[in-house]
Amino acid sequence: MIRMAVDASLEVRTHTALHVLKGAVVKVLGAKWTAGVWVKGARGRLIVQLDKKPDPGELARVEEEANGKIGEDAPIEELEMSRVEAEDRWGDSIYDAFPLPASITRLKVLHIPGWNVNACNKEHTTTTAEIGSLKIVKNRYRPSKQLLEISFEISPS
């Protein structure tokens, strides 16, 4: 029972790290659409649509920017609002490459001001510092699909 609570907390931190990593990917590489995510324990994978393979320096900057945002201890807002209100405020940037059904009229939105906004019904930390630190451990670019997969791990700071 106690182990499950620890794992859940770890996965909340790792899931939140996905959002911080996505903000860094947008800032450094200009990617917009998330094509997939995966989290288990302290490991995660972010898959984004990208039209070119990033060089090692760009990926190092992505990691540096993500850890910079984590180090800021930036507040994380979890908002619930109508879909219309969310779209009026942020446009389509709240969505990923996979659309939400039109029948969904209320959204939970994660917002890290000036960094990342995304419709997301998962649980998140309240600040970025709670994540710990992030290390990109692997990346793979699939040119035929124009997808960049970034695998990462988090650890306590």
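The values are calculated or read from the model by the stated rules, or taken from the named source; none is laboratory data. All of these numbers come straight from a predicted model, not from anything done at the bench. Counting neighbours? That spans all protein chains shown, and the Cβs are built from the backbone with ideal geometry, glycine included.
Give the stretch 22-32 a look and list any residue that's within 15 Å of Ala119 (Cβ to Cβ) and surrounded by fewer than 18 Cβ atoms within 10 Å (Cβ to Cβ), or say none. Lys32 - this is the single residue of the stretch 22-32 that is within 15 Å of Ala119 (Cβ to Cβ) and surrounded by fewer than 18 Cβ atoms within 10 Å (Cβ to Cβ).
Scanning the stretch 99-115 for residues that are closer than 19 Å to Leu21 by Cα and either modelled with pLDDT under 95 or not aliphatic (A, V, I, L, M) (or both) gives His111, Pro113, Gly114, Trp115. Note on the stretch 116-154: among residues that are among the small types (Gly, Ala, Ser) and either more than 21 Å from Gly71 (Cβ to Cβ) or modelled with pLDDT under 95 (or both), the one that is surrounded by the fewest Cβ atoms within 10 Å (Cβ to Cβ) is Ser144. For the stretch 98-113, the candidate set comprises residues that are free of Cβ contacts under 8 Å to residues at least 40 places away in the same chain and assigned to a loop (DSSP other than H, G, I, E, B); within that set, the residue that is nearest to Glu78 (Cα to Cα) is Pro113. Please go through the stretch 33-50 and give me each residue that is over 13 Å from the mean Cα position of the chain (by Cα), surrounded by fewer than 20 Cβ atoms within 10 Å (Cβ to Cβ) and under 21 Å from Pro99 (Cβ atoms), ordered by number. Scanning the stretch 33-50 gives a single hit, Gln49.
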